[in-house]
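Input: a single structure, listed below in structure tokens.
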């Protein structure tokens with residue numbers, strides 16, 4: 001059902017945990033399945049220099065959160081906003097159709113964190 005890459009990211013998640021000094025946090029969830037994801041970002045000169053996550057959910061939710069952190073770390077905010085659920089799923093060598101919503105949550109959490117960071121700094125997405 002799951003690719004080896006999904007299994008690897010579930011069993012050995014990257015960047016898991018809160019960042020106590022995060023510049024912004026994006027929270028998202030799916031009330032139907034109960035998955036909840038928090039994405040923590042640390043930003044310097046509009047680059048995501050550190051990222052972490054806390055996920056309550058299934059194996060796919062944890063794997064997509066882990067993969068998202070690998071895709072986003074080191075990217076500019078503008079580049080990170082372009083990360084899509086499809087890109088996350090492709091990076092994990094696919095997800096079962098019923099689990100695609102998990103990759104959507106991870107991307108949404110990152111986008112919300114970036115939007116919060118921009119709001120805190122008095123800017124908007126158009127400023128990037």
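Please indicate, with yes or no, whether at least one residue in segment 79-86 is in contact with a helix residue (DSSP H, G or I) (Cβ under 6 Å, 6 or more places away or on another chain), modelled with pLDDT of 95 or more and buried (at least 22 other Cβ atoms within 10 Å of the Cβ). Scanning segment 79-86, I find at least one residue that is in contact with a helix residue (DSSP H, G or I) (Cβ under 6 Å, 6 or more places away or on another chain), modelled with pLDDT of 95 or more and buried (at least 22 other Cβ atoms within 10 Å of the Cβ), so the answer is yes. Which of the following residues is within 20 Å of residue 95 (Cα to Cα), touching a strand residue (DSSP E or B) at 6+ places or on another chain (Cβ under 6 Å), free of Cβ contacts under 8 Å to residues at least 60 places away in the same chain and surrounded by fewer than 20 Cβ atoms within 10 Å (Cβ to Cβ): 19, 36? Result of the check over 19, 36: 36. Looking only at residues of segment 2-16 that are more than 13 Å from residue 58 (Cβ to Cβ) and over 15 Å from the mean Cα position of the chain (by Cα), we find that the one that is surrounded by the most Cβ atoms within 10 Å (Cβ to Cβ) is 8. If you go through segment 55-78 and pick out every residue that is surrounded by fewer than 16 Cβ atoms within 10 Å (Cβ to Cβ), without any contact (Cβ under 8 Å) to a residue 40 or more places away in the chain and closer than 17 Å to residue 27 by Cα, you end up with 1.
Conditions tested, residue by residue: (1) modelled with pLDDT of 95 or more; (2) under 19 Å from residue 125 (Cα atoms).
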residue: 3; (1), (2): no, no
residue: 38; (1), (2): yes, no
residue: 56; (1), (2): no, no
residue: 104; (1), (2): no, no
residue: 107; (1), (2): no, yes
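The values are calculated or read from the model by the stated rules, or taken from the named source; none is laboratory data. If you're wondering where the values come from, they're calculated on a predicted model, not measured in any experiment. FYI the Cβ positions are ideal-geometry reconstructions off the backbone, even for glycines, and counts take in every protein chain you see.
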